[in-house]
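The values are calculated or read from the model by the stated rules, or taken from the named source; none is laboratory data. Predicted, not measured: the structure shown is a model, and the values here were computed from it. When we count neighbours, we look across all protein chains shown, and the Cβ atoms used for this are built from the backbone with ideal geometry, even at glycine.
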Amino acid sequence: MPLKAALIPAMDHLTSPAAELQVLNTVTFDYTDGGVVLTGHNTDVAGIVNALGHAGARPAPRVVILGAGGTACAAVAAAARLGAASVSVCARRFPPGPDGMPGVADAGLRTGTGVRMLPGRTRPTPAPPPTS
């Protein structure tokens, strides 16, 4: 995800999802008489919204996301578009986003969605020995 954020300053334009999350995954080159115009897009948000729609998911006020990487940031934005007021993110680690705070928290602030981070275990807990 670092390169997806690092490219933002090189863009001439950003689509609203790319601007909202400050992360892009697609760049289009529009050639004009005066040169080239670079537009940054984030297609992850629309992809998640469409996938959930095809799966029959309905809007929900609360959502749980497993994992806190780049896709989770897009999932926070998708949940916001689908009407979620709060999102709980369960993960072992919370990687920093473009502003230095955990990326999923940053995505929540940018979309106006409350994000609750729930740290998971860093190692699996071994099963107790069988009793005889």
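Each residue in region 77-87 was checked for being of a type in the set (A, V, I, L, M, F, W, C), within 18 Å of MET117 (Cβ to Cβ) and outside any helix (DSSP H, G or I), and 3 of them qualify. Taking first residues from region 63-87 that are touching a residue at least 12 places away in the same chain (Cβ under 8 Å) and partners that are among the hydroxyl-bearing types (Ser, Thr, Tyr) and assigned to a strand (DSSP E or B), the Cβ contacts under 6 Å between residues at least 6 apart in sequence or on separate chains come to VAL64/SER88.
If the condition is being surrounded by 18 or more Cβ atoms within 10 Å (Cβ to Cβ), of a type in the set (A, V, I, L, M) and at pLDDT below 90, then region 42-71 contributes only ALA68.
So, ALA107, is that one modelled with pLDDT under 90, in contact with a strand residue (DSSP E or B) (Cβ under 9 Å, 6 or more places away or on another chain) and not acidic (Asp, Glu) or not? Here the answer is yes, as ALA107 does meet what is asked. Of everything in region 24-71 that is in contact with a strand residue (DSSP E or B) (Cβ under 8 Å, 6 or more places away or on another chain) and either part of a helix (DSSP H, G or I) or polar (S, T, N, Q) (or both), the residue that is farthest from MET117 (Cα to Cα) is THR28.
Could you list, in sequence order, the residues of region 24-41 that are hydrophobic (A, V, I, L, M, F, W, C) and at pLDDT 95 or above? Scanning region 24-41 gives VAL27, PHE29, VAL36, VAL37, LEU38.
For region 22-43, a residue qualifies if it is aliphatic (A, V, I, L, M) and either more than 21 Å from GLY70 (Cβ to Cβ) or out of contact with any Lys or Arg (no Cβ under 6 Å at 6 or more places or on another chain) (or both), and the qualifying residues are VAL27, VAL36, VAL37, LEU38. When you scan region 43-64, do you find a residue that is acidic (Asp, Glu) and over 10 Å from the mean Cα position of the chain (by Cα), even just one? No; the residues of region 43-64 include none that is acidic (Asp, Glu) and over 10 Å from the mean Cα position of the chain (by Cα). When ALA74, ALA105 are checked against the criterion of being assigned to a helix (DSSP H, G or I) and either over 17 Å from LYS4 (Cβ atoms) or basic (Lys, Arg) (or both), a single residue qualifies: ALA105. Only residues that are touching a residue at least 24 places away in the same chain (Cβ under 8 Å), part of a helix (DSSP H, G or I) and surrounded by 13 or more Cβ atoms within 10 Å (Cβ to Cβ) were counted across region 6-23, and they come to 5.
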